[in-house]
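See structure below.
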Amino acid sequence: ETGVTQTPRHLVMGMTNKKSLKCEQHLGHNAMYWYKQSAKKPLELMFVYNFKEQTENNSVPSRFSPECPNSSHLFLHLHTLQPEDSALYLCASSQGGTASTDTQYFGPGTRLTVL
Amino acid sequence: SQQGEEDPQALSIQEGENATMNCSYKTSINNLQWYRQNSGRGLVHLILIRSNEREKHSGRLRVTLDTSKKSSSLLITASRAADTASYFCATGNYGQNFVFGPGTRLSVLP
């Protein structure tokens, strides 16, 4: 247990569905991240939130919409996804501030399959 | 451009042997971290080494950093089957987010 939980652990959805991924951290951290991990590709940073403010949107398509209502919770809203969006979506948190010097704590991930 | 790149992409060894993985990067860094990922799970932080450090130890792990060669190595001694996982290096610098490499897949055979 790293102190970062993600739900659901597995999700299968059609291209017209709307679903949301949830991440919660119990570490008192101020920064939260969404990563996408596809087969045989490096981990891709999608979004970064520092103190609830989005500080990074790494050219992610608008069909992915993040939400950070407070420093402990992070959501990724999904809408009209494509099959190539199937991947493991990882949430992470860190102390915050200068992310590059932080240790990141990862959740177990949500395995998403888009049919 | 890709910052951290691990080498080899895959490594298979017998239990009890040592495993060495390397990471090369292109630009200056403030720190370099190694993470482990068991199949289909989240990443777990192993060790952080700062740019002014040359070597760090943690249990059976030994990490070296050579900033002149822009490279780092992770040594796992006396490997166990439970060490089977993917290992990633991540480079960091002030004001920039981490960049993860593609990883080395380690298989430790009983």
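Every number in this text was worked out from the coordinates using simple rules, so none of it is lab data. Here the structure is a predicted model, which is why all the values come from computation and not from measurement. Cβ atoms come from the backbone with ideal geometry, glycine included; neighbour counts cover every protein chain shown.
Before moving on, here are some points about what is shown:
Here's the yes/no breakdown for (1) farther than 16 Å from A:ASP102 by Cβ; (2) surrounded by fewer than 19 Cβ atoms within 10 Å (Cβ to Cβ):
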| residue | (1), (2) |
| --- | --- |
| A:GLY3 | no, yes |
| A:PRO8 | yes, yes |
| A:MET15 | yes, yes |
| A:SER20 | yes, yes |
| A:TYR35 | no, no |
| A:GLU44 | yes, yes |
| A:ASN50 | no, no |
| A:GLN54 | yes, yes |
| A:ASN57 | yes, yes |
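Residues checked against (1) away from chain B (no Cβ under 12 Å); (2) under 18 Å from A:SER93 (Cβ atoms); (3) not in a strand (DSSP E or B):
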position	(1), (2), (3)
A:GLU24	yes, yes, no
A:TYR35	no, yes, no
A:ALA39	no, no, yes
A:LEU45	no, yes, no
A:GLN54	yes, yes, no
A:SER59	yes, no, yes
A:CYS68	yes, yes, no
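- Taking segment B:74-110 as the range and being more than 8 Å from every other protein chain (Cβ to nearest Cβ), more than 23 Å from A:GLN37 (Cα to Cα) and of a type in the set (Ser, Thr, Tyr) as the test, the residues that pass are B:THR77, B:SER79.
- Test: residue in segment B:49-60 that is of a type in the set (Val, Ile, Thr) and within 23 Å of A:ALA39 (Cα to Cα): no
- If the condition is being facing chain A (nearest Cβ under 9 Å), aliphatic (A, V, I, L, M) and in contact (Cβ under 8 Å) with a residue 40 or more places away in the chain, then segment B:2-46 contributes B:ILE29, B:LEU43.
- Within segment B:17-36, being buried (at least 22 other Cβ atoms within 10 Å of the Cβ) and among the β-branched types (Val, Ile, Thr) holds for one residue alone: B:ILE29.
- In the set A:PRO42, A:PRO83, only one residue is more than 17 Å from A:THR7 (Cβ to Cβ) and without any contact (Cβ under 8 Å) to a residue 12 or more places away in the chain; that residue is A:PRO42.
- Whichever residue in segment A:65-85 is of a type outside the set (A, V, I, L, M) and in contact with a Leu (Cβ under 6 Å, 6 or more places away or on another chain) and, among such residues, is farthest from A:MET13 (Cα to Cα): A:CYS68
- A:SER72 surrounded by fewer than 21 Cβ atoms within 10 Å (Cβ to Cβ), in contact with a Ser or Thr (Cβ under 7 Å, 6 or more places away or on another chain) and either among the small types (Gly, Ala, Ser) or within 14 Å of chain B (Cβ to nearest Cβ) (or both): no
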